[in-house]
Amino acid sequence: MKNKQKTMWTIIVMVVIVIAVTLVFWQIIEKKRTQSGELEKSKVQEVNAILKKDFVNDYPATPREVVNLYSRISSCLYNQKLSDNDFKALVQKMRLMFDDELLTKNPEEIQIQELQNEVKEFRDEKKYMSSYTVDKNSAVEKGKVDGRACASLKASYLISNGKDGYTKSYERFVLRKDNDGKWKILGWELVSGDAGNNEE
């Protein structure tokens, strides 16, 4: 009789343990699914926030803000699965921050096609833009070229290469004020990251 009671208690304890372990695993899976859903929702919200941004009345005031917004748009373009309409709309928002000279050298349809190809290659290589940083306002170099105000600053982009780890790329942006006093991107180039750390 004692053996039967002992066996019964053993079975009860084992059933309780199995139920408890199952509940813990279920909660972990549910939490991950919820976090994944929230991440997707925040990505969609980021795209919508950029698309709804009023570039006429709420244009970025400083060179740093312009490059930061450019980087936000780039992050959306490279990291998210977008409809063709959203992709094109984001590129059009990006182009609102380009200097007339840069716009002339980069017709919209050609830029969209080249960017789509670049993004496809980026994704095919299993890359992901993990984060970006832009120089502090105090690190922005300002001057005049041909009587027009210009500014130069650096942004860095941390790229996940899947199983191969991370790489960091640095881009130097040159901006110029337009006739309305808005800072516009004149161009950018890849640069070495050795030029000091002025990011925040």
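Each peptide in 96-102, 69-75 receives the mean, over its residues, of other Cβ atoms within 10 Å, and ordering these scores from highest gives 69-75, 96-102. Each Lys or Arg adds one and each Asp or Glu subtracts one; over the other residues with Cβ under 10 Å from the Cβ of Asn161, this totals +1.
In region 97-200, which trypsin sites (Lys or Arg not before Pro) are in a loop and have at most 11 other Cβ atoms within 10 Å, using DSSP for the loop call?
Lys126
Using all pairs of distinct alpha-carbon atoms, the Kirkwood hydrodynamic radius of region 44-94 works out to 11.2 angstrom. Based on C-alpha pairs under 8 angstrom that are at least 6 apart in sequence, region 58-191 has a relative contact order of 27 percent.
With an a/c value of 1.5 or above and a/b not larger than b/c for the gyration tensor axes a ≥ b ≥ c computed over the alpha-carbon atoms, region 112-200 is described as oblate. Placing R0 at 41 angstrom, the Cβ-Cβ distance between Ser83 and Thr22 gives a FRET efficiency of 0.55 after rounding to 0.05. Rounded to whole Å, give me the distance from the Cα center of region 95-118 to that of region 129-195. Using only Cα atoms, the two centres lie 17 Å from each other.
As an exercise, take the mean of 1/r over every pair of distinct alpha carbons in region 58-191, invert it, and state the Kirkwood radius in angstroms. Answer for region 58-191: a Kirkwood hydrodynamic radius of 15.6 Å. The Cα trace of region 88-147 gives Rg and Dmax of 15.5, 45 Å, the first to one decimal, the second as a whole number.
Read-outs throughout are calculated quantities, based only on the coordinates presented, and are distinct from any laboratory measurement. In this text the structure is predicted, and so the values were computed from the model without any measurement. Because the Cβ atoms are built from the backbone with ideal geometry, glycine has one as well, and the counts that use them run over all protein chains shown.
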